[in-house]
Each structure stands twice: as structure tokens, then as C-alpha cells.
1. Sum up the charges of everything whose Cβ sits under 10 Å from the Cβ of PRO46, counting Lys and Arg as +1 and Asp and Glu as -1, but leave PRO46 out.
2. For SER21 and GLU67 in one chain, what is 0.36 nm times their gap in residues minus the Cα-Cα distance, to one decimal in nm?
3. Compute and list, largest first, the equivalent-ellipsoid semi-axes of segment 2-62 from the alpha carbon gyration tensor, each √(5λ) rounded to a whole angstrom.
Amino acid sequence: MKYRVDLKTLKSEIERKGFQSVEELSEKSRINERELTLVLNGKNLPAMDVMVELASALELTPEKANEIFFNRIIRNTYKIEKNLRDGKNGF
């Protein structure tokens with residue numbers, strides 16, 4: 001399954017929880033600092049265990065975690081499937 005991370009919302013949640021640095025979030029979430037930096041810069045997609053650790057460290061509700069890690073791609077997929085059903089090209 002392909003997915004995208006809503007980095008704007010993720011960073012907003014990081015600020016909301018008061019984290020001052022990637023190092024601080026890395027310690028709290030138990031995610032390697034380099035890996036976390038790559039995710040936050042949009043260079044890497046997080047593995048499921050990284051998503052779980054971030055959600056836990058940020059005390060995200062399941063709905064908020066879903067919004068950050070999955071919703072945009074799901075909405076896009078739904079739109080494409082609807083267009084295909086309606087006889088449109090899907091893009």
C-alpha cells in the first residue's frame with residue numbers, strides 16, 4: 001500500500017507537544033535521529049513501527065494518526081475509483 005505523510009500536520013503536532021528539537025523527539029519516540037530527520041524532511045516514508053512510535057510519543061488519537069499517515073492517499077484512491085466507475089479516466 002502506498003501512502004504519504006502529511007508533514008505539515010505532523011510538524012504541527014510536534015510543536016503542539018512542545019518538542020524543541022529532533023533529538024528530543026528522537027529520545028522520546030525511540031526512533032533513530034537520522035531516520036527521524038529523513039522522515040520529517042520528506043525524504044523517507046516511515047515504516048509502520050516508526051509511525052506507531054511517533055503516534056505514541058505525540059499522544060495522537062487513532063483518527064489524528066490516520067489523518068497524518070494515511071488519509072490523503074485514501075481520499076485520492078477513492079476519487080480515482082469513483083471516476084473510473086463514472087467512465088472518466090481517473091486522473
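Rule-based calculations on the coordinates, nothing more; no lab input. Just so we're clear, the structure is a prediction, and the values are computed from it rather than from any experiment. A quick note on method: Cβ atoms are made from the backbone with ideal geometry, for glycine too, and the neighbour counts reach across all protein chains shown.
1. Working: positive: none; negative: GLU35, ASP49, GLU53.
Here the charged neighbours net out to -3.
2. Numbers: separation 46, 0.36 × 46 = 16.56 nm, distance 2.30 nm.
This chain segment gains 14.3 nm when fully extended.
3. Details: eigenvalues 46, 35, 27 Å².
The equivalent ellipsoid of segment 2-62 has semi-axes of 15, 13, 12 Å.
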